[in-house]
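Trainee: Quick one: the structure is below, and I'll ask about it shortly.
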Amino acid sequence: MRAHDSATASTRIAVNAPAPARTPGAGPVRENSTARRTGTLQAALGVIAFSLTFPATAWGLEGFGPWSLVAVRTVLAAVVAGGCLLALRVPLPARHHWAGLAVVAAGVVLGFPLLTTLALRTSTTSHAAVVVGLLPLTTALFSALRTGSRPSRTYWAAALAGAAAVLAFTIQQSGGALTSADAYLFGALVVCAAGYTEGGRLARVMPGRQVIGWALVLCLPLTAPAAALALSYEPVRFTAHSVIGLLWVAVGSQFLGLVVWYRGMAAIGVPKASQLQLAQPLLTLVWSVLLLGEQLTPAAPLTAAAVLVCIAVTQRARG
């Protein structure tokens with residue numbers, strides 16, 4: 001009898017004993033860490049792709065007119081994206097997502113490429129890179145407005161300081177007044193920030209390749225006739241630079257870059273992805289020297305660094 005009671009008591013102790021502690025870093029934690037590293041790598045690849053956009057556009061303008069370059073790059077990117085969507089048998093997005101996709105299309109697919117291409121007819125890539133260096137800041141502002149969050153005073157102070165640095169740079173570089181190229185670049189900041197913000201929101205509910213893919217396909221009924229019309233009016237001169245530039249902005253920047261960028265944003269969040277984008281203006285300055293042979297003024301890297309510091313402060317002061 002005592003043996004039976006002893007066995008029963010042992011069984012109760014075993015049943016009621018706490019489960020062994022989970023080793024830190026095992027299971028889901030390790031999976032999350034891997035997902036963050038993968039997301040960071042994807043966002044970084046997107047930043048590298050975007051940093052080459054302005055030099056590639058300058059190469060493309062050597063053989064194409066601005067309207068032809070923008071329309072043809074968008075058509076080529078839409079063909080690649082549409083082919084991927086068909087191959088993967090991706091169903092059409094839900095009806096309530098089409099409005100957001102239209103914002104992505106208007107800002108990222110049409111507005112930003114067109115406005116920056118028009119600016120680069122008369123502006124250097126280094127100048128454009130410094131102005132567009134405000135993009136992470138503008139995107140964060142749109143994100144705050146979209147989500148209804150209220151950033152701190154430190155955030156706004158750093159944001160205004162970065163904007164003032166870029167404005168002073170553009171006025172100094174333009175001889176005391178803003179040029180039409182500067183107007184195009186500031187307009188590009190606004191439309192691209194809206195497209196990034198909406199794209200980042202959509203990337204939480206659908207893969208990044210679908211976000212940019214459907215945005216490109218959505219524009220195809222407009223961009224295909226526009227490409228045919230532009231090519232009939234603007235002469236085309238095929239050179240190695242113009243072809244490489246066109247292919248890069250179409251496939252590298254317009255599609256693949258945005259695919260990994262949106263996937264990275266969905267994995268690590270918009271604030272951390274924006275921190276990676278701080279390197280984009282400085283990378284573009286390097287490419288402008290290496291690929292285009294541009295001579296940088298001392299103000300360009302200094303202003304880019306000042307903007308980098310301001311954006312870094314905003315990232316720490318969010319909320």
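Trainee: So if I check each of Leu69, Leu45, Leu88, Leu92, which one is within 30 Å of His127 (Cα to Cα), open to solvent by 20 Å² or more (accessible area, probe 1.4 Å) and modelled with pLDDT of 80 or more?
Mentor: Only one candidate passes the filter, namely Leu45.
Trainee: Would you confirm whether any residue within segment 232-251 is in contact with a Phe, Trp or Tyr (Cβ under 7 Å, 6 or more places away or on another chain) and among the hydroxyl-bearing types (Ser, Thr, Tyr)?
Mentor: yes
Trainee: Also, I was wondering about something else. With the structure loaded, tell me whether Gly111 is of a type in the set (Gly, Ala, Ser) and assigned to a helix (DSSP H, G or I) or whether it fails that test.
Mentor: yes
Trainee: With (1) more than 28 Å from Ile268 (Cβ to Cβ); (2) surrounded by 13 or more Cβ atoms within 10 Å (Cβ to Cβ); (3) of a type outside the set (S, T, N, Q); (4) modelled with pLDDT under 95 as the list, and Trp59 as the residue in question, which single condition is left unmet?
Mentor: All conditions are met except number (4).
Trainee: Evaluate the following for Val236: is it outside any helix (DSSP H, G or I), under 20 Å from Pro55 (Cα atoms) and among the aliphatic types (A, V, I, L, M)?
Mentor: yes
Trainee: Have a look at Val243, Val259 and point out the one that is part of a helix (DSSP H, G or I), among the aliphatic types (A, V, I, L, M), at pLDDT 90 or above and farther than 16 Å from Ala140 by Cβ.
Mentor: Of Val243, Val259, the one residue that is part of a helix (DSSP H, G or I), among the aliphatic types (A, V, I, L, M), at pLDDT 90 or above and farther than 16 Å from Ala140 by Cβ is Val243.
Trainee: Something else about it: If you check every pair at least six apart or on different chains, which have Cβ atoms under 8 Å apart with a residue in segment 207-221 that is under 11 Å from Leu258 (Cβ atoms) and of a type outside the set (Gly, Ala, Ser) first and a residue that is open to solvent by 50 Å² or more (accessible area, probe 1.4 Å) and at pLDDT below 95 second?
Mentor: Arg209/Cys84; Arg209/Arg263
Trainee: Would you be able to say whether some residue in segment 169-183 is in a helix (DSSP H, G or I), aliphatic (A, V, I, L, M) and in contact with a Lys or Arg (Cβ under 8 Å, 6 or more places away or on another chain)?
Mentor: yes
Trainee: Within segment 208-219, does at least one residue satisfy the condition of being touching a Ser or Thr at 6+ places or on another chain (Cβ under 9 Å), part of a helix (DSSP H, G or I) and either modelled with pLDDT of 90 or more or open to solvent by 10 Å² or more (accessible area, probe 1.4 Å) (or both)?
Mentor: yes
Trainee: What number of residues within segment 142-154 are modelled with pLDDT of 80 or more and within 16 Å of the chain's Cα centre (by Cα)?
Mentor: Looking only at that region, the number is 1.
Trainee: In segment 161-169, is there at least one residue being surrounded by 14 or more Cβ atoms within 10 Å (Cβ to Cβ) and free of Cβ contacts under 8 Å to residues at least 40 places away in the same chain?
Mentor: Yes, segment 161-169 contains a residue that is surrounded by 14 or more Cβ atoms within 10 Å (Cβ to Cβ) and free of Cβ contacts under 8 Å to residues at least 40 places away in the same chain.
Trainee: Please name all residue pairs, on different chains or six or more residues apart, with Cβ atoms under 6 Å, provided the first residue is in segment 48-69 and is closer than 17 Å to Ala129 by Cα and the second residue is of a type in the set (Phe, Trp, Tyr) and open to solvent by 10 Å² or more (accessible area, probe 1.4 Å).
Mentor: Pairs that qualify, where the first residue is closer than 17 Å to Ala129 by Cα and the partner is of a type in the set (Phe, Trp, Tyr) and open to solvent by 10 Å² or more (accessible area, probe 1.4 Å), are Leu52/Trp287; Pro55/Trp287; Ala56/Trp248.
Trainee: Next up: Residues being at pLDDT 80 or above, open to solvent by 60 Å² or more (accessible area, probe 1.4 Å) and on the phi > 0 side of the Ramachandran plot: count how many of those fall in segment 270-319.
Mentor: 0
Trainee: Among the residues of segment 220-266, how many are surrounded by fewer than 18 Cβ atoms within 10 Å (Cβ to Cβ) and basic (Lys, Arg)?
Mentor: Within segment 220-266, residues that are surrounded by fewer than 18 Cβ atoms within 10 Å (Cβ to Cβ) and basic (Lys, Arg) number 1.
Trainee: With the requirement that a residue be of a type in the set (S, T, N, Q) and either within 19 Å of Ala299 (Cβ to Cβ) or within 13 Å of the chain's Cα centre (by Cα) (or both), what does segment 169-210 give you?
Mentor: Thr170, Gln172, Gln173, Ser174, Thr179, Thr197
The values are calculated or read from the model by the stated rules, or taken from the named source; none is laboratory data. Keep in mind that what you see is a predicted model, and the values were worked out from it rather than measured. Note that we place each Cβ from the backbone using ideal geometry, even for glycine, and neighbour counts take in every protein chain shown. Surface accessibility is based on the protein's heavy atoms, side chains included, excluding ligands, DNA and RNA. Shrake-Rupley method; radii C 1.70, N 1.55, O 1.52, S 1.80 Å.
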